[in-house]
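Since every read-out is calculated from the coordinates, none of them should be taken as a lab result. Just so you know, these numbers come straight off a predicted model, no measurement behind them. For neighbour counting, all protein chains shown are included, and Cβ atoms are generated from backbone atoms with ideal geometry for every residue, glycine included.
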Amino acid sequence: MKDKTILLSFDVEEFDTPLRHRIRLTKDKQLHYGYLGLKNLFDLLQELQHPACTFYTTANFALHYPELICEIAQHHEIASHTFYHSSFKPADILNSKICLEEIINAPIYGFRMPNMKDFDKSLIGEAGYIYDSSINPTYLPGKYNYLAKPTKPYQESNYIEIPTSVVPIVRIPLFWLAFKNFPFNLYLNLCKMTLNRTGLLHIYFHPWEFADLSMFKIPSYIIKPNGQLLVDRLKQFIQYFLSKTDVHFEQTIDYINKNPSSFISKH
């Protein structure tokens, strides 16, 4: 049986979600909750002997917690999540790459735009990235409509696009909200089906989800479960796939390097 790959990724960022729900939270507190969740998440990955992951990190977060980001970089891939999570200007694409490379003293190969927002993708290759991962090929009302995008990784003119996973044909997204809100066994079965049909499962979360967020009056579908309950659920998920000899966790750049000629061309 052909081996299958899981790309497990995390958007390391300031916890600015409360601002969208008219809850005031200082920039320091936004960073603090991101840090608390990231520590909980990193402890879990350490316990599981570091299954390979990719951490899309805002440069702003990395500047505030460089030691933790450098520690993560010893085991996992660091990629760019632009400079700030709440604001964006085109120069941030290159500047975040430069900043992160200075912090971890290693190349940055990948990029993901916060909230999967649309942007000028020509800037990806111009900034020297190898790949982008800013496409969730589904429809989220009020957010984006990427139903016309391919569901498999594909080659653009000067970079590779690595979409996040959706269930084949019906395009149910398998991102963080599905992990939280679907019954665990249903979510697991959808992931297994996707892996069996495509050979690739690419899902993502936010470290702030793994902090205790019980004090925030935010819709439950966004923040529940959180903290230790979510840590335990992710542990169960990862352990299930670690037990499968034909499934491997990989950093995104390693997956690309192992499959240099397998990406479809969009053109």
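Only one residue of Cys70, Pro141, Asn95 has its Cα farthest out toward the positive end of the dipole of the chain, where Lys and Arg carry +1 and Asp and Glu -1 on Cβ, and that residue is Pro141. Within the same chain, aspartates and glutamates fewer than 8 places from Lys4 are excluded, and of the rest, those with a Cα less than 16 Å from its Cα are Asp246, Glu250, Asp254.
The alpha carbon radius of gyration of the chain, expressed as a multiple of 2.2 N^0.38 Å, is 0.94. Normalised by 2.2 N^0.38 Å, where N counts its residues, the alpha-carbon radius of gyration of the range 75-211 equals 1.09. Here the range 4-265 is treated with +1 on each Lys and Arg Cβ and -1 on each Asp and Glu Cβ, and its dipole about the Cα centre works out to around 1080 debye.
Looking at Ile223, Phe61, Phe83, which one has the Cα that reaches farthest to the positive end of the dipole of the chain (charges on Cβ: Lys, Arg +1; Asp, Glu -1)? Highest projection toward the positive end goes to Ile223.
Fewest neighbouring Cβ atoms within 10 Å first, the residues Asp28, Asp232 line up as Asp28, Asp232. Shape summary of the range 121-172, radius of gyration then Dmax from alpha carbon positions: 11.8, 35 Å. Using a Gaussian network model of the chain in which every pair of alpha carbons under 10 angstrom is joined by a spring, one finds that among Ile169, Ile23, Ile253 the greatest mean-square fluctuation is at Ile169. Taken over the range 1-89, the convex hull of the Cα atoms encloses 125 Å³ per residue. For the chain, hydrophobic long helices are taken as DSSP H runs at least 15 Å long by C-alpha position along their axis with mean Kyte-Doolittle hydropathy of 0.0 or more; these are 91-104, 184-198, 227-242.
Here the sum of -39500 (n - 2.57) over DSSP H runs of 4 or more residues, divided by the residues of the chain, equals -11500 deg cm²/dmol at 222 nm, to the nearest 500.
Put in order of Cβ neighbour count within 10 Å, fewest first, the listed residues Ser265, Ser165 become Ser265, Ser165.
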